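Down below is the structure, laid out as structure tokens.
The values are calculated or read from the model by the stated rules, or taken from the named source; none is laboratory data. Quick caveat: nothing in here was measured; it's all calculated off a predicted structure. Every residue, glycine among them, receives a Cβ derived from its backbone with ideal geometry; neighbour counts consider all protein chains shown. Keep in mind that these areas ignore ligands, DNA and RNA; they rest on the heavy atoms of the full protein, side chains included. Shrake-Rupley method; radii C 1.70, N 1.55, O 1.52, S 1.80 Å.
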Amino acid sequence: MLNDYQKEFLDNLIGHKARFLVIGGVARQHYRGGHTKDLDILIDIDERREAIEASLQEWKRRYAIHTILDLTPPLALRPMVQMKFPDDLCAYQDSNGDVQEIGPDNGVDLLTSLPGFAFADLYARGKDIIIDGIEVRILCQPDVDQTGKQ
């Protein structure tokens, strides 16, 4: 379901104890099947902000050319921001040590808000699942359906 780049991104967030939700196509795929390439993540910019900043700084150190964003704290984490990792076609080393191409279409989209929804409410209704061996929290099915209509 997830590529190694996406798994590593999730592991990085989890390692820093960032609070986030898996949303979008991966959440829809969990409930309804289907296929998606990218991984959409909604981050909590109100709580554990330092964890988000530390996670993104570490990602920038590891994959410096994968984003032109300045990820020096304090980050301008405000509602309605979307960050793509990578933001252009790049390469990374997968779990087998092989070099793979990765682009915005099969990378990670990090969102700071969803219009009309409070992160805390979405998180409270979310569901803990395991995706490719990684425990994550995803949107509940009614919220997947509702946010998909926007």
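Remarks
- Restricting the search to helices (runs of 4 or more DSSP H) fully inside the range 1-86 and requiring at least 1 residues that are crowded, with 19+ Cβ neighbours inside 10 Å and β-branched (Val, Ile, Thr) gives 24-32, 49-62.
- Qualifying positions in the range 92-119 - open to solvent by less than 40 Å² (accessible area, probe 1.4 Å), touching a helix residue (DSSP H, G or I) at 6+ places or on another chain (Cβ under 7 Å) and assigned to a strand (DSSP E or B): TYR92, ILE102, VAL108, LEU114
- Pairs linking a residue in the range 14-29 that is among the acidic types (Asp, Glu) to a residue that is open to solvent by 20 Å² or more (accessible area, probe 1.4 Å), with Cβ atoms under 8 Å and 6 or more positions apart or on different chains, do not occur.
- Against the conditions (1) in contact with a helix residue (DSSP H, G or I) (Cβ under 9 Å, 6 or more places away or on another chain); (2) closer than 19 Å to ASN12 by Cβ, ASP143 satisfies every one except (2).
- Boolean, ILE138 is of a type in the set (Val, Ile, Thr), touching a strand residue (DSSP E or B) at 6+ places or on another chain (Cβ under 6 Å), modelled with pLDDT of 95 or more and open to solvent by less than 80 Å² (accessible area, probe 1.4 Å): yes
- Just one residue in the set ILE68, ILE23, ILE43 is of a type in the set (A, V, I, L, M) and over 14 Å from PHE85 (Cβ atoms); that residue is ILE23.
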